[in-house]
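Right, one structure below, let's go through it.
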Amino acid sequence: MAPVLDLPLNVGQIDDVQELKKGRKTKIPIRFVRDVAERPMLAATPSPLLSSIPVIDLKKLMSGNKEEFHLEILKLSASCEEWGFFQVINHAIEVDLLEKIEKMAMEFFMLPVEEKQKYPMAPGTVQGYGQAFVFSEDQKLDWCNMFALGLVPHSIRNPKLWPTNPPMFSETVETYSKEIRKLCKTLLRFIALSLRLNANVFEEMFRESVQAIRMNYYPTCPRPDLVLGLSPHSDGSALTVLQQGKGNTVGLHILKDGTWVPVQPVKNALVINIGDTIEVLTNGRYKSSEHRAITHKEKDRLSIVTFYAPSYEVEIGPMQEMIDESNPCKYRRYNHGEYSRHYVTNKLEGKKTLEFAKIPPKKS
Ligand SMILES: COC(=O)C(/C=C/C1=C(C)CCCC1(C)C)=C/O[C@H]1C=C(C)C(=O)O1
Ligand SMILES: O=C(O)CCC(=O)C(=O)O
Ligand SMILES: [Fe+2]
């Protein structure tokens, strides 16, 4: 199932933000200027919640003693329940590889625009270079350039969109994504254990899982107070792995109890977030939190994001173990391919996409 729209779309002109920057104009084109309610409040002093997303030490889960394991599993479950986010350290992915993918991504984004546009993201599709999730000419745009590729299964790949320049780009993406895939499988085992489920439950359910990569480049912006780097959204995946560029400034914000909390990058850590699919499977116990990215006046930012999801054929719905009288079934059953299609054919708008799966609460 190819998750794209069939209709011809009029998305209007989508300016490339890196090219706008080169024009050195200080006036932000109106399509990037957010309505007042959506604009980020850029606090002069850092929030006390800064950096407070939990940090999980994978080594303690993989080879810690009984007590370390137990404490880390409890921390994992609290992170997924309360934040839907955590950072993982000691994930066993070589730092050299993290640095290499970052270097490749930056080299790609620094290519002349004509070179990058050899891999265009067609309107209404999600792979290639451009801006995804734009469906009309009056939709606001993000201050971001994206490059996205479907990776696994091979049937979702579009070989024409795999760059030959930088020369090592595609090879590095392959190596990196294999390592990230292993990490996703490992994390899903511990997430299952943290729910007191069989460790293999997700692996067996997901069958040949889908994996995609998206590189987001946020150039500096003369008015970060007026724009968003990436619109608020939750991820449609089961799990997302987000690598923040080394030395990057804060840019990722998580919506927690009605407040946008900035995530302070931790050296060599990877940010993990629960996607809509795990929220549905756990009947809302583990949350896919709404998040966004903001821009900076003097510092650009890069993120490399992997989406890991079940095969399109898999039927998703709350697991029996997650439903009881005090937590009645909140989501309907659906096919993951249908959800993928729904996700990629709607604009990013908080957690609205997940309405697709919600059962309205019974009136008493
Ligand atoms: C720009 O793309 C995305 O943000 C995105 C898309 C991922 C995909 C591809 C790039 C190729 C085809 C597969 C897939 C749809 C996964 C986000 O992915 C989220 C949304 C869903 C659903 C998901 O599983 O990950
Ligand atoms: O750049 C970021 O920190 C956020 C990226 C993100 O949320 C995404 O690509 O889905
Ligand atoms: Fe996201």
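Taken together, the values in this text are just the output of simple stated rules run on the coordinates, not laboratory data. Treat the numbers as computed from the prediction; the structure is a model and nothing was measured. A quick note on method: Cβ atoms are made from the backbone with ideal geometry, for glycine too, and the neighbour counts reach across all protein chains shown.
Structure summary
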| read-out | value |
| --- | --- |
| Separation of the Glu137 and Val55 label points, Cα + 7 Å toward Cβ, nm | 5.0 nm |
| Shape category assigned to region 221-364 from the gyration tensor of Cα positions, a/c cut at 1.5 | prolate |
| Fully extended contour minus Cα-Cα distance, from Lys185 to Arg39, at 0.36 nm per residue | 48.9 nm |
| For region 293-299, 3J(HN,Hα) per residue [Karplus equation, 6.51 cos²θ - 1.76 cosθ + 1.60, θ = phi - 60°, Hz, x = Gly/Pro] | 10, 10, 10, 9, 5, 10, 10 |
| Distance (nanometres) between label positions extended 7 Å along Cα→Cβ at Ser170 and Ser311 | 2.6 nm |
| Ranked list, fewest to most other Cβ atoms within 10 Å of each Cβ, for His336, His233 | His233, His336 |
| Amide H partners (placed H, <5 Å) of Glu290, local residues excluded | Leu255 |
| Partners for Lys100 among aspartates and glutamates (Cα-Cα distance below 19 Å; same-chain residues under 8 apart left out) | Glu171, Glu174, Glu179, Asp300 |
| Dipole magnitude of the chain, debye to nearest 20 (Cβ charges: Lys/Arg +1, Asp/Glu -1, about Cα centre) | 560 debye |
| Lysines whose Cα lies under 28 Å from that of Lys352, excluding same-chain neighbours fewer than 8 positions away | Lys140, Lys185, Lys256, Lys287, Lys330, Lys362, Lys363 |
| 12 Å beta-carbon shell around Cys184, net charge (K/R +1, D/E -1) | +3 |
| Note, ³J(HN,Hα) from phi for region 149-154, Karplus 6.51, -1.76, 1.60, rounded to Hz, x at Gly and Pro | 9, x, 10, 9, x, 4 |
| Backbone HN-Hα couplings from phi across region 111-121 [Karplus 6.51/-1.76/1.60, Hz, Gly and Pro as x] | 5, x, 4, 4, 5, 5, 6, 6, 10, x, 8 |
| Cβ-Cβ FRET estimate between Glu19 and Ser364, R0 fixed at 51 Å, reported to 0.05 | 0.35 |
| Cα-derived Rg over Rh, computed across region 284-364 with Rh taken as Kirkwood radius | 1.06 |
| Cα gyration tensor category, rounded, prolate or oblate, for the chain with a/c compared to 1.5 | rounded |
| 16 Å reach of a label modelled at Leu74, 7 Å along Cα-to-Cβ, counting backbone N of region 168-207 | 194-196 |
| Proximal lysines relative to Lys116, as straight alpha-carbon distance under 17 Å, when same-chain residues fewer than 8 apart are discounted | Lys21, Lys22, Lys103, Lys160 |
| Mean Cα-pair separation over length for the chain, i.e. relative contact order, pairs under 8 Å, 6 or more apart, % | 22 percent |
| Placed amide H near Thr220: partners under 5 Å, 5+ positions off or other chain | Asp300 |
| Amide H within-cut-off set for Leu239, under 5 Å, with H built and near neighbours excluded | Gly275, Tyr308 |
| Beta bridges per DSSP with both ends in the chain, % antiparallel, nearest 5 | 90 percent |
